[in-house]
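Input: a single structure, listed below in structure tokens.
The values are calculated or read from the model by the stated rules, or taken from the named source; none is laboratory data. Keep in mind that what you see is a predicted model, and the values were worked out from it rather than measured. As a convention, Cβ positions derive from the backbone with ideal geometry for all residues, glycine included, and neighbour counts pool all protein chains shown. Heavy atoms of the whole protein, side chains included, go into the accessibility calculation; ligands, DNA and RNA do not. Shrake-Rupley method; radii C 1.70, N 1.55, O 1.52, S 1.80 Å.
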Amino acid sequence: MGGVIDRRSLLLGAAAAAPLLLGAAPAPAALAAPRARLLRDTVLDPTGLYEVTYSGLPNVASFQQDAILTRGAYQYAAWYAADRSATLARRAISGPGPWERVVLPHRLSAVDSHNTISLGVSRSDGRLHVVMDAHNTRAYYLRSAAGLIDGGVPWAVGSFSAVQRTLEGVELGGITYPQFVDTPDGGLQLSYRTGGSGGGVNELAEYTPAGWARLGAWTSAAGRYTAPNGRTSDSRNMYLHGIGYDARGRLHASFTWREDAAGGVVLCSPGGLSNHDTGYVHSDDRGRTWRTQDGAVAGVTGSASTGSGRRVAWTTPNHVVDPLDVNHALINQESQAVDSTGRIHILISYVPGRFTQCVTNFTAQRISFAYPFHLVRLATGWRKIELPERVAAFGRTRLVLAANDDAYAVLPDGRILAASAASTWTDWRRVYDGAAIDAFGECVVDASRLRSDGLLSVLSQEPSTGTTPSPVHVTDFRLGE
Ligand SMILES: *[C@@H]1O[C@H](CO)[C@@H](O)[C@H](O)[C@H]1NC(C)=O
């Protein structure tokens, strides 16, 4: 656990907070409850790069999608080592064997915690793809030879392409938050932002047997937001909580909006954070056409942003699924998961109104008062439940679903809360106290392994001082026993 958290205040905070339960019956007591049992802790690197900027590290950030994933017989992880080398490791999922390391021919170009590494896999040709090191700059990209995932080529740096500034010749320009999404037909997409915070748009590129191609922008920064104080803002960007396909081939995207810097006027206090509202859209044609939950077209990827609002925008009708104004320190890029029946689940966190209606210091007040909330779209509509424990950190919580759709929330300090699908996710409670995890900032998890073999792997990096490197861990939990 991070040393700054006072356990007693945590418990008092939880006891003082009545869970908000809307439209759901209490869980029957007899149902089997989810559990998490610590299995093992492994050190990926005793000396991971430790350089704090924007309250984060270039390793282990909620938005990486993905820093750790499982495909075929292996689990893969990515991080920057102390000398800034982009580094991969894999281990067989069949047993607790060692991590085998591959050092890529690239060193982090800028001390900036946005510049994380994302891993993706194109199943159809068995390639591992790596994109990294971008913050409104051209990203660095490389990919393995075909067949790597299936064991057809050695796990060695020689099995990777040279590092490129394009996607095999496809120019993206300056980007931020590159995130891979594997498609149901074995291809791969890349989600990324062009433009800056407060005035950026989300775009998609797609990898098929024909190679990479840009699909274009699908969100718009335009439109007017009017805040509770009556002031307005005319530019923003969409921050994704997640983007991913369900088993039936629907692409889901959930998000919050952030008003631009000049839009600070929309806040009740300059110390706030100008994120607001939770939105949701989906696509049934691989990200070309986006629809709101009522089926109406919300946007067409690659279309002009102006004129008729033809990209997903703040002004798109009926996209908000949980309204919240700018004054509650809602965090961006938290978490999303889709269950086995295609239901969308979103994890968000903010300072509830019972503590204040006006956050004046978002860092301090998130640490003191922010709670996670689980949003799920049931047949009856969206339902929101406040989890029974504080976030107790500035950072974000990861939501993952087991194969039986039980939900697990990994909090920034390594606590794990869970709710059963059998209770329709109403029985949230702590299933792990975080004792074996000492994480700076936040943790990330391997959502794919959890679904394939019931093991929850949590990636974290220890806090340090100055720029002294610190250990990067993968901690495994056996769930549901
Ligand atoms: C917000 O609180 C933190 C302590 O958590 C403090 O370091 C910082 O100076 C505060 N910021 C402002 C603007 O008061």
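Computed values, structure above
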| item | result |
| --- | --- |
| Near pairs, Cβ below 7 angstrom, 6+ apart or cross-chain, from the stretch 267-294 (within 16 Å of the ligand (Cβ to nearest atom)) to any residue that is in a strand (DSSP E or B) | SER274/ARG258; SER274/GLU259 |
| Residue match in the stretch 256-264 (condition: at pLDDT 95 or above and open to solvent by 50 Å² or more (accessible area, probe 1.4 Å)) | no |
| Selection within the stretch 342-394 - within 16 Å of the ligand (Cβ to nearest atom), open to solvent by 10 Å² or more (accessible area, probe 1.4 Å) and not aromatic (Phe, Trp, Tyr) | THR356, CYS358, THR360, ASN361, THR363, ALA364, GLN365, ILE367, SER368, ARG390, ALA393 |
| Hits in the stretch 312-332 - residues which are touching a His at 6+ places or on another chain (Cβ under 7 Å) and open to solvent by 10 Å² or more (accessible area, probe 1.4 Å) | LEU324, ASP325 |
| Elements of type strands (runs of 3 or more DSSP E) contained in the stretch 32-114, each with 1 or more residues being without any contact (Cβ under 8 Å) to a residue 40 or more places away in the chain and out of contact with any helix residue (DSSP H, G or I) (no Cβ under 8 Å at 6 or more places or on another chain) | 74-80, 85-92, 100-107 |
| Among (1) within 27 Å of LEU479 (Cα to Cα); (2) open to solvent by less than 10 Å² (accessible area, probe 1.4 Å); (3) assigned to a loop (DSSP other than H, G, I, E, B), the one test that LEU399 misses | (3) |
| All strands (runs of 3 or more DSSP E) inside the stretch 260-303 with 1 or more residues being of a type in the set (Asp, Glu) | 275-283 |
| Meets criteria (more than 18 Å from HIS374 (Cα to Cα) and open to solvent by less than 10 Å² (accessible area, probe 1.4 Å)) for GLY414 | no |
| Index of the failed condition, LEU20 passing every other in (1) touching a Lys or Arg at 6+ places or on another chain (Cβ under 6 Å); (2) at pLDDT below 50; (3) under 30 Å from ILE243 (Cα atoms) | (1) |
| Selection status of THR70, out of contact with any strand residue (DSSP E or B) (no Cβ under 7 Å at 6 or more places or on another chain), crowded, with 16+ Cβ neighbours inside 10 Å and closer than 23 Å to GLY244 by Cβ | yes |
